[in-house]
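Below is one structure, written out as structure tokens; comments come after it.
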Amino acid sequence: MQNKQFKKLIIKQLSIAILCTGIAVLFFSCANKIEKIKELSAAEKLPGMEAEHFEMMYSDSAIIRFKLIAPRMIRYDQEKEPFIEFPDGVEIEKYDGKMRVVSRITANYARYIDKEEKWMAKNNVIALNETGDSLKTEELIWEEKAGKIYSDQFVKIIKKDQIINGIGFESDQNMENWEIKKPTGSLYLDVAN
């Protein structure tokens, strides 16, 4: 008789242990799933708008100031600092009051930060001014409010009669008044022919 009671007690304790283990596994399993669901549903990681073959004109006082062309545009509205991304490149033209192009910037990647009104162009960045001078670099920042463009990277400026290399660059947004921070070399070209 004691043997039967002992077996019942063992079975009861074993059942309780299995039940507790099952509840613990279920509890931890649900907690992990809830965290994964939160991660997957994070709205700030999802774009608010996407467009292909994107083209935009910006005007002020009925005068077109900028034209932007990009193969693809992605807008992230829910980020802490909302931004627009151009992952496949961008071309931006700036116009004067007579619709003449005064500067142009192209890049293989660009990002516009709404709050700061700042552009970041990367990878094969080329900027041209009205006189035909060009700037080549791998990263260029354009602050619209301040009206300036700059870079801390290697830059090459190509003029009609000169090629100037250096590290760091700053200019007005029309690329008329520019300065290379650390010039590394200059090559003069014979353009008489």
For segment 47-71 the number of residues that are within 30 Å of Thr131 (Cα to Cα) and either in contact (Cβ under 8 Å) with a residue 40 or more places away in the chain or out of contact with any Phe, Trp or Tyr (no Cβ under 6 Å at 6 or more places or on another chain) (or both) is 15
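Can you tell me which residue among Lys148, Lys94, Lys159, Lys182 is among the charged types (D, E, K, R) and touching a residue at least 60 places away in the same chain (Cβ under 8 Å)?
Details: Lys148 fails: touching a residue at least 60 places away in the same chain (Cβ under 8 Å); Lys159 fails: touching a residue at least 60 places away in the same chain (Cβ under 8 Å); Lys182 fails: touching a residue at least 60 places away in the same chain (Cβ under 8 Å).
Only one candidate passes the filter, namely Lys94.
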In the set Ile164, Ile126, Ile149, the lone residue that is more than 28 Å from Ser59 (Cα to Cα) and surrounded by 15 or more Cβ atoms within 10 Å (Cβ to Cβ) is Ile164
Quick count over segment 92-121, residues being crowded, with 17+ Cβ neighbours inside 10 Å and over 27 Å from Lys80 (Cα atoms), is 8
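No value in this document is a laboratory result; all are computed from the given coordinates. Note that the structure is predicted; figures quoted are calculated from it, not measured. Here Cβ is always computed from backbone atoms with ideal geometry, including for glycine, and neighbour counts include all displayed protein chains.
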